1. When only Cα pairs under 8 Å and 6 or more residues apart are kept, what is the percent relative contact order across segment 383-468?
2. Note down the magnitude of the dipole of the chain about its Cα centre, charges +1 on Lys and Arg C-beta and -1 on Asp and Glu C-beta and zero elsewhere, to the nearest 20 debye.
3. Cα-Cα pairs above 21 Å in segment 120-191: how many percent?
4. Okay, helix-only estimate at 222 nm for the chain: each DSSP H run of n ≥ 4 adds -39500 (n - 2.57), divide by all residues, round to 500 deg cm²/dmol; what do you get?
5. Express in nm, to one decimal, how much length is gained between LYS60 and ASP421 on full extension, taking 0.36 nm for each residue of separation and deducting their alpha carbon distance.
6. Could you tell me how many degrees, from 0 to 90 and to the nearest 10, lie between the Cα long axis of helix 18-36 and the main elongation axis, the longest principal axis, of the Cα atoms of the chain?
7. Using the structure shown, select from LYS108/LYS171; LYS187/LYS252; LYS107/LYS167 the pairs with a Cα to Cα distance greater than 22 angstrom.
8. Give the angle, between 0 and 90 degrees and rounded to the nearest 10, that separates the Cα long axis of helix 102-117 from the longest principal axis of the Cα atoms of the chain.
Amino acid sequence: MAEVNEKVLSNQEVNEGEEHIEDFAAMLEESFKKETSGENIVEGVIVEINDNIALVDVGKKSEGVLNISEITDSDGNVKYNVGDKIKVVITGFRNERPSVSHKKAIKKEKVKEFIENYDEESELVIEGKVVGKNRGGFIVENDENIEFFLPRSQAAYRDVNALVGKKIKAKVIKVDKENESIIISRKKFLDDERKKKKELIDRLLESDEIVEGVIKKITTYGMFVDIGGVDGLVHYSEISYKGPVNPANLYKEGETVAVKAIKYDKEKRHLSLSIKAVQEDPWESIKDQLEVGDVIKVTVSNIEPYGVFVDIGNDIEGFLHISEISWDKNIKNPKEYVEMGEELDVEVIEIDTESRRLRVSLKNLKPKPFEEFLQKYKAGDVVKGVITTITNFGAFVKIDGVEGLLHNEDTSWNRSDKCKDLYEVGQDIEVKITKIDRENEKISLSVKELLENPVQQYAKSHKVNEIVEGVVRDIKDFGVFVELEDNVDALIRKEDLGDLNIEDIKVGDKIESVIDFIDGHRNRIRLSVRKLAKIKEKAMLSEINKDDKMTLGDIIQDQLK
């Protein structure tokens, strides 16, 4: 002020009058502005409060103007009264009155307090919101309303123009006591965090250390867990030795879990964690506890169309395939036989600790239907059953829980008849058991054996040594099959063809022969061309020695008697 006053006085000596007095006042005001431009904290007294402003006596020529919003609470109530002392800083001038701010005074006090208590060895990290920017960088304010300065070079943000309004973490890198400013660096914070994460990951992978983490997010494929600032993924296959599980059924976000680091992908920067690696491997413990053939109690934990997963305890699941549920081969869905949570006694049929596979059977503990069938039935019995399946080659018929095969050729004496044309699934049917294969547990059935066969009917009107004519239906190496009537076939063995050469015979040729053999029960007829030739030869010799009036037909008929 002394320098200003000297300068003003020298001007008064040169210039006189009211005009020069006004110039002196202006210069004094300018001097006052310079004096207060540092925004030093001063203690003032509230002298007036109205709707928009409060006037504060700061010991200057004029009272300072304070915006009323700076001293009202969230409900709009003024927190001070006229005569109260209040700390403010002078921020400028408005209509020759100083503008003052209570909020800035509070912030400056907090900055000064922060600086006084700051420990340079602490490597302090702050979290705040970017509330503004200037030519050199950004203003960051934390929850305690302390302002920090973030230089543009230390922002480490891809789009610095979009930084305002963002919440960030940064490291305090310098405290300027003279200018009462705190300089922070987001870049330094990120560099340190990356370094810490790398050190943590390397340590965990090398030491096989168990650490606790907090579940941040649960997805269908696993859980993201925070272990000291590093996020890792616990894949759903790494949660339980049971196999892949739904993490949402076992855990909640925010829950603490013990994990181990098992893998780190440097390119993708993905850390893989495991919960089951923390636990004792139950597959090791069952090596000496279970054997194939053991009967154990299990609980149904999951039902799929192809089988049932069962919990045997100790974090191990076994698999009950649909084919091992029942001796019934026509199971459509396991839900027809078991329920979720149901307890079952099952037999262990496979243990593979290397592949972590345990298979069990339910049907092995139930009576075997085939054994019961053998106690009740035998070949030759006529029984009733139900058609369960129809195929191109025949039909399967269930008899007391056991299925037998009715082949197409056994369904009718008519060779063209097929099961698919005669029957329907679910239809009741009477059949004859023709064969029981104990070793392969197969049962052969027949319907045609319950019917009179065509050979039996043919035998009623035809006798042995009767001359007949038929059509060649099939030719084999051992002979020729001849159809005499519908569904009535007879065999002419190769040695009974006489002078006929089998290589000259064609399907569809007519052949005359004599009946050599008929077995109606076995459905067999044999013919002979050779025998017919001998009969004809005898007939011709007899004709020579007998009455000329006797015909060849008469001779042949006589030979047949």
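1. Values: 147 pairs, mean separation 23.7, N = 86.
Relative contact order of segment 383-468: 28 percent.
2. On the way: 88 positive and 115 negative charges, 345 e Å.
Computed charge dipole of the chain: roughly 1660 debye.
3. Working: 379 of 2556 pairs.
The proportion of pairs with Cα distances above 21 Å equals 15 percent.
4. On the way: 10 runs with 118 residues, N = 561.
Here the helix-only value at 222 nm equals -6500 deg cm²/dmol.
5. Working: separation 361, 0.36 × 361 = 129.96 nm, distance 11.71 nm.
Difference between extended and current length: 118.3 nm.
6. Compared with the principal axis, the helix lies near 50 degrees.
7. Values: LYS108/LYS171 20 Å; LYS187/LYS252 34 Å; LYS107/LYS167 19 Å.
Beyond 22 Å: LYS187/LYS252.
8. Compared with the principal axis, the helix lies near 80 degrees.
Rule-based calculations on the coordinates, nothing more; no lab input. Keep in mind that this is a model prediction, so the values were computed, not measured. A quick note on method: Cβ atoms are made from the backbone with ideal geometry, for glycine too, and the neighbour counts reach across all protein chains shown.
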